[in-house]
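The values are calculated or read from the model by the stated rules, or taken from the named source; none is laboratory data. Source: prediction; values computed, not measured. Glycine also receives a Cβ, built like all others from the backbone with ideal geometry; neighbour counts cover every protein chain displayed.
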Amino acid sequence: MAIYAIGDIQGCYDELRRLLDVISFDPAQDTLWLAGDLVNRGPHSLETLRFIKGLGDAAISVLGNHDLHLIATVVSLAKTGKKDTLGPILRAEDRDELIDWLRKQRLFYYNEHYCMLHAGLPPQWDFAQTKAMAEEVEQVIGGDDYELFFRSMYGNKPVIWQDDLSRTEKLRFAVNCFTRLRYCTLGGELDFHHKGPPGSQPAHLLPWFTVPGRKSTDMRIIFGHWSTLGYYEGNNVYSIDTGCLWGGELTALKLEPRPERIGIPCSCAQKPGVDD
């Protein structure tokens, strides 16, 4: 029995199936941890969603920003962008079933050894705070009033965590951390403007996982989202978005007995660049 964490797929279904062949994935015995952004920008988002949903308990996924964008688009609260490739899902007969399944996925998943989320954590959050905020947002996204949540989800503020934020502000802040975060300041203010690799950002910004005093340093965190960072292992984190969409690789990280990276080369579905 093996656990494999897989980076952002973004509709690159053929590459996903090739990677599963390479690792000899057996859904009867093995488990996939998927780091979010299952869909969008790649050519086969519909096939990807159907396949992963069909794996049942053999696949565990956290939600990424593109997954949330798909849900928002279906409830007519967001317009499709020029680079979006969500049309086949929006027109599919099983669209509502797929969206209902997607809404029930996690923002944060963990076992006794590892944690997984899509993007990052603010330095003020420890494990207990992370777990509590993830569960609160998951209940809203998976609940009956999820459309109301999506009306207030978008926005870059607040930029720093405070215990006295309103509930709406807390939920938005949490979503931005779990699904969009790359950089923040020493004081823990979030930044969403800079998306390049470490070293390209202004001097006052740090990758979220290198901020001194980060309260989640005791958590072994697997994340995706940051294709310009690529594979990174350090600071007790594992970055596994290796830019499949951009012609890089699709990465699987075998978690036990120790992390072992397996990657396959990918065709370029989009022109290389810095994107969410």
Residue match in region 70-79 (condition: on the phi < 0 side of the Ramachandran plot and modelled with pLDDT of 95 or more): yes
Checking P43 against (1) in contact with a His (Cβ under 6 Å, 6 or more places away or on another chain); (2) surrounded by fewer than 24 Cβ atoms within 10 Å (Cβ to Cβ), the condition it does not meet: (1)
Check on G224, of a type in the set (G, A, S), in contact (Cβ under 8 Å) with a residue 24 or more places away in the chain, surrounded by fewer than 15 Cβ atoms within 10 Å (Cβ to Cβ) and touching a Ser or Thr at 6+ places or on another chain (Cβ under 8 Å): no
Residue ID - farthest from V74 (Cα to Cα), chosen from residues in region 132-143 that are buried (at least 16 other Cβ atoms within 10 Å of the Cβ) and not charged (D, E, K, R): M133
Members of region 144-171 found to be over 20 Å from the mean Cα position of the chain (by Cα), under 15 Å from V75 (Cα atoms) and not in a helix (DSSP H, G or I), listed by number: D144, D145
Selection from region 124-143 of residues that are in a helix (DSSP H, G or I) and among the charged types (D, E, K, R): K131, E135, E136, E138
Which numbered condition Q10 fails, given (1) in a helix (DSSP H, G or I); (2) in contact (Cβ under 8 Å) with a residue 40 or more places away in the chain: (1)
